[in-house]
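The values are calculated or read from the model by the stated rules, or taken from the named source; none is laboratory data. Everything numeric in this text was worked out from a predicted model, so none of it was measured. All Cβ positions, even for glycine, are placed from backbone atoms using ideal geometry, and neighbour counts span all protein chains on display. Protein only, heavy atoms only, side chains kept; ligands, DNA and RNA dropped before computing areas. Shrake-Rupley method; radii C 1.70, N 1.55, O 1.52, S 1.80 Å.
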Amino acid sequence: MPTARRWFETLRDEVTWHSERRRMYDRDVDVPRLVAGYRLDEKELPQALREAARRASDATGAPFNRVGLNFYRNGSDSVAPHNDHLYEIVAGYPIALISLGATRMMTIRSKTKPPFDSAQGRRRIFDLDLEEGSLLVMSYETQLHYDHGIPKTRAAVGPRISIALRVRPD
């Protein structure tokens, strides 16, 4: 995937990556990955993101206007299971995730037991390998019924960048 490799190298080197801290379990903790974000109409938007957003819009028909980036440096970097905040996205539009760099597993799990789970009454869990250049599209409704996350791994994995495209309210 020469295009995905070029996008990865460009974003790794040109994006101003930030570390964050969040309040969890009554204490402040480091977010275990680097992050960045852009409006898609910004002059400073890297060309690689313009290209990625255009391709994702062509594939989904969604008028994406924001992009969030996560840089997973190694297997210790992760994101806990979560869903997007519904007030931060426009109903009816999907979220598109483009994966660059090393393959990492994403876990998608149902939030509740039946009716969203199997007949046995167990939580549904899907593990997906997000390979370089892959596009994962999650509907708005997915955020209502499922959580998604990138778990830590002890396996030796290289760096990965996730491009998350969304339609956000103005």
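Each Lys and Arg Cβ is given +1 and each Asp and Glu Cβ -1; about its Cα centre, the chain then shows a dipole of about 440 debye.
Here the scattering of the range 1-90 is modelled by Debye summation over its C-alpha atoms, one equal scatterer each and no solvent; at q = 0.16 Å⁻¹ the log10 of I(q)/I(0) is -0.82. Distance between the modelled labels on LYS43 and GLU14, one decimal in nanometres: 1.6 nm (7 Å Cα→Cβ projection). Averaging the Cα positions of each part gives two centres, and for the range 52-73 and the range 1-17 these lie 14 Å apart. When the chain is described by a simple charge dipole with +1 on each Lys and Arg Cβ and -1 on each Asp and Glu Cβ, the residue from VAL137, THR60, HIS82 located farthest towards its positive end is HIS82. At the residue level, SER19 shows approximately 90 square angstrom of accessible surface with a 1.4 angstrom probe and all protein chains present.
Neighbours of GLU141 by Cβ distance under 13 Å: Lys/Arg scored +1, Asp/Glu scored -1, total 0. Scattering from the range 27-146 was approximated by placing one identical point on each alpha carbon and applying the Debye formula without solvent; log10 I(q)/I(0) at 0.17 1/Å stands at -1.05. In a shell of Cβ-Cβ distance under 15 Å around ARG168, excluding ARG168 itself, what net charge do Lys and Arg (+1) and Asp and Glu (-1) give? It works out to a net charge of -2.
Counting Lys and Arg as +1 and Asp and Glu as -1 over every other residue whose Cβ lies under 10 Å from the Cβ of ALA96, the net charge comes to +2. Averaging the sequence gap over all C-alpha pairs within less than 8 Å and six or more residues apart, then dividing by the number of residues, gives the chain a relative contact order of 30 percent. Helix-only arithmetic for the chain: the sum of -39500 (n - 2.57) across DSSP H runs with n ≥ 4, divided by the residue total, places the mean residue ellipticity at 222 nm at -5500 deg cm²/dmol. Cβ-Cβ distance of ASP129 and VAL35, R₀ of 25 Å, FRET efficiency by 1/(1 + (r/R0)^6): the value works out to about 0.65.
Measuring only protein heavy atoms, the 1.4 Å probe finds HIS85 accessible over about 100 Å². In the context of the full protein assembly, LYS111 retains an accessible surface of approximately 70 Å², using a probe radius of 1.4 Å and ignoring ligands and nucleic acids.
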